[in-house]
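Okay, so here's the structure we're looking at.
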Amino acid sequence: MVFPRLRLKISWTLIAKVFGSAVAVFFFFMLLGGVYIVGVIQGYQVSKTDEQGRIAALLELISERTNLVSSYEKKVVPTISPTMVPSKTIPKLSSWGGPELWAAVNKRRIEFGVNPLSQRDELCTIASIRLNEQLDLGRLDNHEGFTNMKDRRPDLAWIFEKYSTLAEFLAQGGKSASETVSLWENTLGHKKLLTGGEYVWGCIYAQDTFAVAITAY
């Protein structure tokens with residue numbers, strides 16, 4: 001069987017139209033893709049900007065809350081500032097002390113014709129302790145602390161052992177050193193402080209009208 005031979009006539013105009021349409025479609029989709037990409041980028045940037053804005057707003061809110069709490073704490077918690085505690089003023093009861101009384105006692109001893117006392121440091125130790133005890137007590141203890149001092153203060157026992165005789169003379173209330181000397185002079189047993197020539201050494205402490213004289217030989 002013999003088939004007839006077909007001859008195809010190529011239309012270049014049609015090909016050009018088809019090709020042009022394909023190119024147009026391609027560029028159309030490219031344009032759509034570009035628009036889409038641009039939209040995505042812009043959306044991302046907008047989203048990023050919004051996110052940054054939300055973060056900034058959140059940080060600002062946290063900062064405000066922190067400042068608020070800090071301000072509240074500052075208002076609630078009082079600031080403790082150091083204050084100077086005023087010292088208690090103790091009125092001075094007398095203008096005379098141990099040195100004035102020591103001079104007055106020796107002056108009166110000389111007037112009585114006996115030797116003045118010579119000071120010994122260890123006797124001043126006892127006189128100082130005994131004066132503080134009278135001041136702490138607020139009254140005279142009638143020599144109680146002196147008679148038991150050797151037992152309650154073993155570190156001072158050597159002083160009692162050093163001398164054959166130690167004596168204590170107490171006074172309170174004298175307005176002056178000379179008045180205190182008069183109290184001793186007019187009190188039975190205490191006049192020996194002024195007239196006892198056997199006493200060679202001594203020491204006197206006084207404060208706020210309290211007076212302690214320690215003598216020895």
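Computed from the coordinates by the stated procedures, all read-outs in this text should not be read as laboratory data. Predicted model only: the values in this text are computed from it and were never measured. In this analysis, Cβ positions are derived from the backbone assuming ideal geometry, glycine residues included, and neighbour counts consider all displayed protein chains.
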Under a point spin-label approximation (7 Å from Cα along Cα-to-Cβ), what is the R139-Y163 distance to one decimal in nm?
2.8 nm
If you take every residue apart from S182 with its C-beta less than 11 Å away from the C-beta of S182, what net charge results, scoring Lys and Arg +1 and Asp and Glu -1?
+1
Using alpha-carbon positions, the gyration tensor of segment 135-204 gives root eigenvalues a ≥ b ≥ c; with a/c under 1.5 called rounded, otherwise prolate if a/b exceeds b/c, else oblate, the class is oblate
Which shape class, rounded, prolate or oblate, goes with segment 98-216 when its Cα gyration tensor gives a ≥ b ≥ c as root eigenvalues, a/c under 1.5 marks rounded, and past that a/b bigger than b/c marks prolate?
oblate
Stretch E185-K150 to full length: gain in nm at 0.36 nm per residue minus the Cα-Cα span?
9.8 nm
Which Cα, out of A104, I129, L140, lies furthest along the positive dipole direction of segment 98-216 (beta carbon charges, K/R +1, D/E -1)?
A104
